[in-house]
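Here's the structure we're looking at; comments come further down.
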Amino acid sequence: MEYLERGLYYLLTMELTDFLDIAIVSYLIYRLLSLVKSTSSEKLLKGVLVVILALWLSSEFRLNSLNFILNRLVELGVLALIILFQPEIRRILEQVGGSRFSFMRVFDKKDQVSSIEHAIRVTAEACHEMSRDRVGALIVFERKNLLDDILRSGTKIDAEPSVELLKNVFFVKAPMHDGAMIMREGRVLGAGCMLPLSRNVNLSRDLGMRHRAGIGMSENSDAVVVLVSEETGSISVAVGGMLKRHLTIETLRLLLSNELLPKDEEQQDSKKKFPLKELLKRKKDKTDDE
């Protein structure tokens, strides 16, 4: 009861600037956690939290030796954390002045959608031609989870996608044809990137390394991965660890549009009101895939 009264007292004495201060700090913490979660630094951050918790417990229970060691570890660890988190810190500073934190981003939404639609159209056409010519391809469409760690393993491009660009990158004698191409918001950011292989032991044995890498990427992020088999020319898409195979160019275009383009409230309400319609649509897509 005493804590409740004290909390109510502080709440009544707070001013508008206090609420604004709390809102800004909360937003910054949320953005920081979202950024860390989208990279491989999530496990490292959990380890730091465990050390801090152990430091507090050792102080509470008067474990002097352990507390002394942990204090020295924390003092030395601050510099180490700055070095380890250097890419993430740099990314935050870049995003503060970049488009991801810009209020003008709301007005650029139509341009962004148009760029994604163009990328989908180009990808479908390029995959159709590469499928016909038996040219292998591995294209990753980034969504909410940033793939900067993956990009650093390849070659930076940063170009508008075109059928000619995609076909040249995955040409069998091109230096980057064995790696993956990364797309972000309708632009080609890099190629020749290395992807994590899937750890699913139940995958079909006829799937090669390219398909296992595509499935592994979809298991470790929310990315949408498009694959073209070099042996059979079959077009596939990996989402959430699931592989949809033997897609036609039209089915590929519809699937990418459904996964990548933002959905307005009317479409979401339609899915809720007419679940049978969505079920029939999925059944039709499954029939087309087969």
ask   = Name the residues in segment 182-223 that are within 20 Å of residue 155 (Cβ to Cβ), under 14 Å from the mean Cα position of the chain (by Cα) and either among the β-branched types (Val, Ile, Thr) or outside any loop (DSSP other than H, G, I, E, B) (or both), would you?
value = 182, 183, 184, 189, 214, 217
Leading residue by the ranking (most open to solvent (accessible area, probe 1.4 Å)) among those in segment 163-175 that are over 22 Å from residue 259 (Cβ atoms) and not aliphatic (A, V, I, L, M) = 173
request  = Go through segment 224-265 residue by residue and tally those that are hydrophobic (A, V, I, L, M, F, W, C), at pLDDT 95 or above and part of a loop (DSSP other than H, G, I, E, B).
outcome  = 1
key: Hits in segment 36-71 - residues which are modelled with pLDDT under 75 and of a type in the set (S, T, N, Q)   = 38, 39, 40, 41
remark   = A careful count of residues in segment 137-162 that are over 11 Å from the mean Cα position of the chain (by Cα) and open to solvent by 20 Å² or more (accessible area, probe 1.4 Å) gives 11
request  = Look through segment 176-187, keep the residues that are touching a strand residue (DSSP E or B) at 6+ places or on another chain (Cβ under 7 Å) and without any contact (Cβ under 8 Å) to a residue 60 or more places away in the chain, and return whichever of them is most open to solvent (accessible area, probe 1.4 Å).
outcome  = 176
inquiry  = I'd like to verify a number: residues in segment 165-180 that are more than 10 Å from residue 126 (Cβ to Cβ) and either in a loop (DSSP other than H, G, I, E, B) or among the charged types (D, E, K, R) (or both), how many?
reply    = 9
task = Can you confirm whether segment 143-154 contains a residue that is without any contact (Cβ under 8 Å) to a residue 60 or more places away in the chain and either in a helix (DSSP H, G or I) or among the hydrophobic types (A, V, I, L, M, F, W, C) (or both)?
result = yes
Residue 204, sole failed condition from (1) more than 16 Å from residue 137 (Cβ to Cβ); (2) open to solvent by less than 20 Å² (accessible area, probe 1.4 Å); (3) free of Cβ contacts under 8 Å to residues at least 40 places away in the same chain = (2)
message = So, in segment 77-136, how many residues would count as being open to solvent by 30 Å² or more (accessible area, probe 1.4 Å), charged (D, E, K, R), at pLDDT below 75 and assigned to a helix (DSSP H, G or I)?
response = 7
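The values are calculated or read from the model by the stated rules, or taken from the named source; none is laboratory data. Here the structure is a predicted model, which is why all the values come from computation and not from measurement. Cβ coordinates were reconstructed from backbone atoms using ideal geometry, including for glycine residues, and neighbour counts include every protein chain displayed. Ligands, DNA and RNA are stripped out before the accessible areas are found, and what is left, the full protein with its side chains, is counted by its heavy atoms. Shrake-Rupley method; radii C 1.70, N 1.55, O 1.52, S 1.80 Å.
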